[in-house]
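The structure appears right after this line, and notes come after that.
The values are calculated or read from the model by the stated rules, or taken from the named source; none is laboratory data. Model, not experiment: these values are computed from the prediction. Cβ coordinates were reconstructed from backbone atoms using ideal geometry, including for glycine residues, and neighbour counts include every protein chain displayed.
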Amino acid sequence: MYTVADYIADRLAELHIKDVFGVPGDFNLEFLDHITGHDALHWVGNANELNAGYAADGYARMNGIGAVVTTFGVGELSAINAIAGSFSENVPVVHIVGAPSKDAQASRRLLHHSLGDGDFSHFRRMASEVTCAVADLTPADAVEEVDRVLRAVQTHRRPGYIVVPTDVARVEVEPPSSPLGGARSYTSDRALAEFRAAASEFLEGRDVTVLADLLVHRMGATDNLNRLLSGGIPHATLMWGKTLVNEEDSFFLGVYAGAASEPDVRKAVEGSDRLVMAGVRFTDTTTASFSQKIDPARCVDIATNYAKVGDKTFAPLNIADALDALAELVPSFADRTPGAVPEPEPHHWVAGADEPLVQDDVWPTLAGVLTEGNIVVADQGTSFFGLAKMRFPADTTFIGQPLWGSIGYTLPAAMGAGLACPGRRPVLVIGDGSAQLTVQELGTWMREGVNGVVIVVNNDGYAVERSIHGEDAEYNDITAWDWRMIPQALGGTDDKVVTLKATTRAELNDAFAKAQDNQDRLVLIEVCTAPKDYPTLLKKIGKAINDANSK
């Protein structure tokens, strides 16, 4: 018999989801039988639901969409922080919740995992605040509602939420009779034509710079952006959009961060005759507390479903179509030469090779050993801000979470990203404080054979918080762990994991060389720096945030 559970599993597979994350609970067990029994789906059981949500998020960032399954109440609320982060950062994750049967809910009995008041819709209402579509399936509408939520997730690039009561999961239905359908937002011919004409007049003969950000990636318009940039236009990204473009390109300026930018990058972006902003969202942590000085009157601002030329808005207009229209106009821009883009300055080592490591030497050392294909996942803090300004090789991907900023997110997310792209090695960089929140998932890394590199920056506490406020406060201290012993406690054996420690640049280079030599194992490197040693960019961002918080 073909059931609602089978239908959901088939639709997930149709969306090219291969790995489904989650934690079993009695209300989702029968549904999980259909996941584990599906030829195209692989069940990844996680240490807890929060980690499962983070892993699904990392998977979705690389795969285009992800899925997580939890049980009703206790399970879904454990995951809701991760789902909120996906909503905040435009990550399409499908959250499937196994729930009590419709009859049990109608009885209003005091069932386990409920709030004990007979109302089983509390958690659905909570989920509606952090998802783009919510469905509580019934026998009459299950198929239509599943498709509605999945289409919304694809279109809006945000999480969706599907409640599957135990009895509804068993209802017999017909298999899908047609593909789920497209996810691209609508463009009107009128809006496109008017935008093209206005942009042509606005940009003709002008010096143009492009500032790109993550929404280009989220809306599947990266190729469209690259077609525009192939015309030879100076361009930068925000930290959120790092590696959206080839950072080895001669026209790449660097990362723009408002007042915390390198002077040449800031001058090129803020002083440009005309600025094209593609998928840009300014956040406090990516702009040094909104310190950007950009005049909207000289901007073409391309959002997900509209565009602005100066103060004129054109809608509905898909971001990909708008970028393609601009690419056609490139020959009319002012002449451009690679010499107009400043070359990055070589790094000057702060400490000797055998002296204690300092933050500003860690990041160029790491960037120097990255290879094409690496997925670099940096936790919010020293890791993210230390790596943000480093130039990465072509075809690498950088993942962070600067808007939601949930520390610990990256450890499960990097595992999910690695499962989404088996041929690409994830490199996780995470602080010791962040890692203590989600470290259990290292066991899943090893069980699933994700042979990445995990770099734990051990600086004895919460460095990003210290950089903002309370540098010597005890609340920014944490318990010291023996990091090299952690993988063994979580199921690691010599054939699965290598653990290393670096206290000097020479030891760090040696550790990276050993990581390269052990492609078939997980490599954990503990990198030790002083508690009050911060990356230069973090010092600027931390001061800006503290100043803003003090107002």
> In the set Leu214, Leu238, which member is buried (at least 24 other Cβ atoms within 10 Å of the Cβ) and under 14 Å from Val265 (Cβ atoms)?
Replying inline: Leu238
> What are the residue pairs meeting all of these: first residue in region 92-106, first residue closer than 15 Å to Gly53 by Cβ, second residue part of a helix (DSSP H, G or I) and charged (D, E, K, R), Cβ atoms under 6 Å, and 6 or more apart or on different chains?
Replying inline: Val93/Asp57; Val97/Glu76
>> in contact with a Pro (Cβ under 7 Å, 6 or more places away or on another chain), β-branched (Val, Ile, Thr) and crowded, with 20+ Cβ neighbours inside 10 Å: which single residue out of Val497, Val429 fits that description?
In response: Val497
> Just one of the numbered conditions (1) touching a Gly at 6+ places or on another chain (Cβ under 7 Å); (2) assigned to a loop (DSSP other than H, G, I, E, B); (3) surrounded by fewer than 20 Cβ atoms within 10 Å (Cβ to Cβ) is not true of Ile233; which one?
Replying inline: (1)
> Scanning for something part of a strand (DSSP E or B), more than 19 Å from Asn451 (Cα to Cα), outside the structural domain of Thr287 (by TED's automatic domain parsing) and not basic (Lys, Arg), does region 529-545 turn up at least one residue?
Replying inline: no
> Do we find a residue being within 30 Å of Ala198 (Cα to Cα), of a type outside the set (Ser, Thr, Tyr) and at pLDDT below 90 anywhere in region 346-369?
Replying inline: no
>> Residues to consider are Ile8, Ile83; find the one that is touching a Pro at 6+ places or on another chain (Cβ under 6 Å), in the same structural domain as Asp147 (by TED's automatic domain parsing) and not acidic (Asp, Glu).
In response: Ile83
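Can you give me the number of residues within region 155-200 that are charged (D, E, K, R), modelled with pLDDT of 95 or more and under 31 Å from the mean Cα position of the chain (by Cα)?
The total comes to 2.
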> Any idea which of Val146, Val69 is touching a Gly at 6+ places or on another chain (Cβ under 6 Å) and aliphatic (A, V, I, L, M)?
Replying inline: Val69
>> Taking the condition of being over 34 Å from the mean Cα position of the chain (by Cα) and over 16 Å from Asp167 (Cα atoms), how many residues in region 113-151 meet it?
In response: 4
>> Among the residues of region 400-407, are any surrounded by fewer than 23 Cβ atoms within 10 Å (Cβ to Cβ), of a type in the set (A, V, I, L, M) and more than 26 Å from Gln488 (Cβ to Cβ)?
In response: yes
> Got at least one residue in region 431-448 being within 19 Å of the chain's Cα centre (by Cα), under 22 Å from Asn509 (Cβ atoms), at pLDDT 95 or above and not assigned by TED's automatic domain parsing to the domain that holds Ala236?
Replying inline: yes
> What number of residues in region 320-335 are modelled with pLDDT under 95, surrounded by 13 or more Cβ atoms within 10 Å (Cβ to Cβ) and in contact with a strand residue (DSSP E or B) (Cβ under 8 Å, 6 or more places away or on another chain)?
Replying inline: 1
> Quick check, is Ala135 at pLDDT 95 or above and within 27 Å of Thr410 (Cβ to Cβ)?
Replying inline: no
> If you go through region 90-109 one residue at a time, do you hit one that is of a type in the set (Gly, Ala, Ser), within 25 Å of the chain's Cα centre (by Cα) and outside any loop (DSSP other than H, G, I, E, B)?
Replying inline: no
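Take Val376 and decide whether it is in the same structural domain as Gly461 (by TED's automatic domain parsing), of a type in the set (A, V, I, L, M) and buried (at least 22 other Cβ atoms within 10 Å of the Cβ).
yes
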